[in-house]
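The structure appears right after this line, and notes come after that.
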Amino acid sequence: MLSRVADSVFWMNRQIERAENVARAIETTLGLELDGTIETGRLWNALVCAFGDQSDFWDRHGLADQARVFDFLAFDPANPNSIYCCLQAARENARTVRDMISSPMWEEINKCYLAVRGASAARADFADPREFIDEIQRASQLITGATDGTMSHGEAWHFARMGRLVERADKTSRFLDVEHFFGGEEGAGRDPVRWSSVLESASALEMYRKQYGAVSRQDTVRFLVLDRAFPRAMHFCLVKAEESLLAITGGTKGTHSTPAERQLGRLRATLDYADIDEILGDSQAGAPRGLHGWIDAFQARLNAANDAIHTTFFALRPVGTVAEAG
């Protein structure tokens, strides 16, 4: 497969997954606002911080409230992480690889983008954003279903799945950083409402309750980081992403022949042997303390794995080398 095609398929799926995660996080924040246990400004500011867009938002908007943050995360054409920008980029990537994806995939991606574009034009008349948020989540699930059900599970499909799962692992880790988003507010770590919202952000509350019952900080972190069966848990995402990577390279687990295999395999192995006390406390002398420090380290290593995927498959190669992935 040509590198540019693999790149487009990989990022198309990252962008669709990102749009869905933004939509889900907005929905959860709307629910928390109705609950009334957290001051509105702190709540919406925390949502902006969760996606790492606080500097851009503060420079352009200042005060964080529902209207400003919703518009920024849903429709802002200057915010590359907005739902509108993600789906616009995903549609463009899909258009460039139209011959590699199925017609149902293209139709669902195009339909979703056109719906968001129409909603963006009419956003001044929005009475309730929930219907829009629900539509984005349904559309993303339809696209994922069309990908899995109508596309041959060869190289292109594995690049698609790898992109989706790398993005999903990143966003799950960001949602878990709830204590840091609220500035170490006293009691945040013991608040079951806040941890329930974290689970809802990952569509995980129902499956969590079936396994653990009452919501607690420790079990929420254990479920969303270490679970091997839940499809939005970070460990599950890395295991499946590595399976796709090895299917592309022809490698075997435990060995590596590319930077991507080395970086992703090492990160997956970290979660294979991770301990909940290590994640929540001190991992080693001199290491960053607590959950926030562990998540920061995880995100740095996930970014390194993403960079290695780019280097291995997508980066421009000198003239005379093979310019194909896999």
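Summary table below
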| read-out | value |
| --- | --- |
| Matching helices (runs of 4 or more DSSP H) fully within the stretch 228-311 where at least 2 residues are at pLDDT 95 or above and within 27 Å of residue 156 (Cβ to Cβ) | 234-249, 259-272, 290-309 |
| Extreme residue, surrounded by the fewest Cβ atoms within 10 Å (Cβ to Cβ), among residues of the stretch 34-71 that are in a helix (DSSP H, G or I), charged (D, E, K, R) and modelled with pLDDT of 85 or more | 59 |
| Failed criterion for residue 269 (all others in (1) surrounded by 14 or more Cβ atoms within 10 Å (Cβ to Cβ); (2) on the phi > 0 side of the Ramachandran plot; (3) among the small types (Gly, Ala, Ser) hold) | (2) |
| Among (1) buried (at least 19 other Cβ atoms within 10 Å of the Cβ); (2) charged (D, E, K, R); (3) at pLDDT below 90 - the single one residue 20 does not satisfy | (3) |
| Residue within the stretch 163-174 that is β-branched (Val, Ile, Thr) and not assigned by TED's automatic domain parsing to the domain that holds residue 298 present | no |
| Qualifying residue in the stretch 127-137 (condition: at positive phi, of a type outside the set (D, E, K, R) and modelled with pLDDT under 85) | no |
| Residue list for the stretch 250-263, restricted to those being in contact with a His (Cβ under 9 Å, 6 or more places away or on another chain) and buried (at least 17 other Cβ atoms within 10 Å of the Cβ) | 260, 263 |
| Options 78, 89, 146, 119: the member that is surrounded by fewer than 22 Cβ atoms within 10 Å (Cβ to Cβ), modelled with pLDDT under 95 and assigned to a helix (DSSP H, G or I) | 119 |
| Among (1) at pLDDT 95 or above; (2) in contact with a Ser or Thr (Cβ under 7 Å, 6 or more places away or on another chain); (3) not hydroxyl-bearing (Ser, Thr, Tyr) - the single one residue 314 does not satisfy | (1) |
| Pair list, Cβ under 7 Å, 6 or more apart: the stretch 214-236 residue closer than 19 Å to residue 301 by Cα, other residue at pLDDT 95 or above and of a type in the set (D, E, K, R) | 232/168; 233/227; 235/227; 235/228; 236/227; 236/228 |
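The values are calculated or read from the model by the stated rules, or taken from the named source; none is laboratory data. Remember, predicted model here, so these are calculated numbers, not experimental data. Using ideal geometry, Cβ is built from the backbone for each residue, glycine included, and neighbour counts are taken over all protein chains shown.
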